[in-house]
1. Report the full-extension gain for the segment residue 27 to residue 151: residue separation times 0.36 nm, less the Cα-Cα distance, to one decimal in nm.
2. Taking P(r) over Cα pairs in 5 Å bins from 0, in percent as the quantity of interest, determine which of (1) 1, 9, 16, 20, 17, 12, 9, 7, 5, 3, 1, 0; (2) 1, 8, 13, 15, 14, 11, 9, 7, 6, 5, 4, 3, 2, 1, 0; (3) 1, 9, 18, 22, 21, 16, 9, 4, 1, 0 was computed from the displayed structure.
3. By average Cβ neighbour count within 10 Å, what is the ranking of 137-145, 17-25 from highest down?
4. Return the calculated 222 nm mean residue ellipticity for the chain, to the nearest 500 deg cm²/dmol, obtained by summing -39500 (n - 2.57) across DSSP H runs with n ≥ 4 and dividing by the residue count.
5. When Rg is the radius of gyration of the Cα atoms in region 18-82 and Rh is its Kirkwood radius, what does Rg/Rh come to?
6. Give, in nm to one decimal, the length gained when the segment between residue 90 and residue 52 is fully stretched (0.36 nm per residue of separation minus the Cα-Cα distance).
7. Would you mind ranking 42, 66, 81 so that the residue whose beta carbon has the fewest other beta carbons within 10 Å leads the list?
8. Cα centroid distance between region 74-121 and region 122-177, in Å?
């Protein structure tokens, strides 16, 4: 038997097509949109010349893979956040889940700023490590309230884990960069 919070038709969540669901949809997209736009701006600054000069490992994906992956991940994050925002009060207190989500989104933007804007792979590694912890905490809070919302963040956690390994390898291959 499924728990009530694991079903999309759960009485603990307002329906997606309710007035509340429709109003909360753009609200849930704003953090992803904010992180995406700022991240792209910071990334563009570093991609112009600096990033291309760095030694990268053999498993570094082509540049095109990053915007494709991040578009998918930001959409999943927005859907997960939308589910949390639509929860009824009987699902439990959601304040900490919302704060954790917004905090990890700030770290997401912070990574782009530190790695590309400040051109600091080592600083980026510190931020991405903190971001992994923050995403794990967010997943835990989300899953306590709504299993599907928590599961929707697993690909994001996996990608940031990969990105952290990539970042660490770039630090190792480029001492002093």
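No value in this document is a laboratory result; all are computed from the given coordinates. Given the structure is predicted, the values throughout are model-derived calculations rather than measurements. In this analysis, Cβ positions are derived from the backbone assuming ideal geometry, glycine residues included, and neighbour counts consider all displayed protein chains.
1. 42.6 nm
2. Matching entry in (1) 1, 9, 16, 20, 17, 12, 9, 7, 5, 3, 1, 0; (2) 1, 8, 13, 15, 14, 11, 9, 7, 6, 5, 4, 3, 2, 1, 0; (3) 1, 9, 18, 22, 21, 16, 9, 4, 1, 0: (1).
3. 137-145, 17-25
4. -23500 deg cm²/dmol
5. 1.13
6. Contour length minus the Cα-Cα distance gives 8.6 nm.
7. By the 10 Å Cβ count, ascending, the order reads 66, 42, 81.
8. 12
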